[in-house]
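Quick notes on the structure that follows.
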Amino acid sequence: MRDLGVLALLDFLLPALLPALAVVAALLSPFLIYVQTGNKNKTALMETLAKELEKPAPVAYIVESCVSRLHNSRALPWDCLQIILRYSNAWQIISLISTGRRVLDLFEVSVTDNRVSVQYSRWFSSRRDRNRARGICLALAAFFLLVFAFAYVDVLKLLSGEQGQTAGLQDRALRFCYLLFQMFVYAGFLYLFCLLQIIIGRSENRLNIVNTLICQNLTLPAPETRSQIPALDQKTPG
């Protein structure tokens, strides 16, 4: 009898889920189109950025916007970009900085004496603050893992007939769809907080790499020829 109930539930669910799958496909279609055209958009952004940098007086807003969209992060200040974009490893530097400027505002970038300085933002300036943030992320990840497990157990009970025996077939089907939706949401939050914990945990190593890459471009010549380096001795406009 239990097997017959499960089969009846599945026979009811499959036709009922087809319209839902069509709706999900329609919702995912714009995202898939965006992913497919992402490379083309980035190529166009690179061309726009290159043309803007060739001008005698580039527009700061355009340069900041192009770099921000290329790396999917908060915009870097124009005075910093003026210096970083001259480096041979500019892409690697900006990519590492952008990892800490997407979901979390981990890094602050500034210019001191015409030198780029990358450091933690005031919310993550001390190791204690970063460990506290990691602990919060781990606690939230554990919470969503727990509720995901509860929802998964409810799905198994529903399919085995241990739950909702007195409910009608339609009510059980709706309950099944609701539990699947819950599991999807919980899994999304679980992934998010695990990712944030990893980003914070690796931020110190990433920050050291960024500063090392910047220092590689600061090998200064003798003092008498230092004025020949415009990136270090000329005041940046803007």
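Under a 5 Å amide H cut-off, with hydrogens placed 1.01 Å from N, F107 pairs with S121 among residues at least 5 apart or on other chains.
Nearest 0.05, what FRET efficiency do R69 and L195 give at R0 = 25 Å with Cβ-Cβ as r?
Numbers: r = 21 Å, r/R0 = 0.85.
The computed FRET efficiency comes out at 0.75.
Take peptides 90-99, 116-125 and line them up by average Cβ neighbours within 10 Å, highest first, as a rough protection proxy. Please list the in-between numbers first.
Numbers: 90-99: 18.9, 116-125: 16.3.
Ranking, from highest mean packing down: 90-99, 116-125.
Rg and Dmax of region 71-154, based on Cα coordinates, read 17.9, 62 Å. Computed from point charges on the beta carbon alone (+1 for Lys and Arg, -1 for Asp and Glu), the dipole magnitude for region 103-210 about its Cα centre is near 300 Debye.
The overall shape of region 114-154, judged from the alpha-carbon gyration tensor, is prolate: a/c is not under 1.5, and a/b is greater than b/c.
Read-outs throughout are calculated quantities, based only on the coordinates presented, and are distinct from any laboratory measurement. Just so it is clear, the model here is predicted, and its values are computed rather than measured. Cβ: placed from backbone, ideal geometry, glycine included. Neighbour counts: every protein chain shown.
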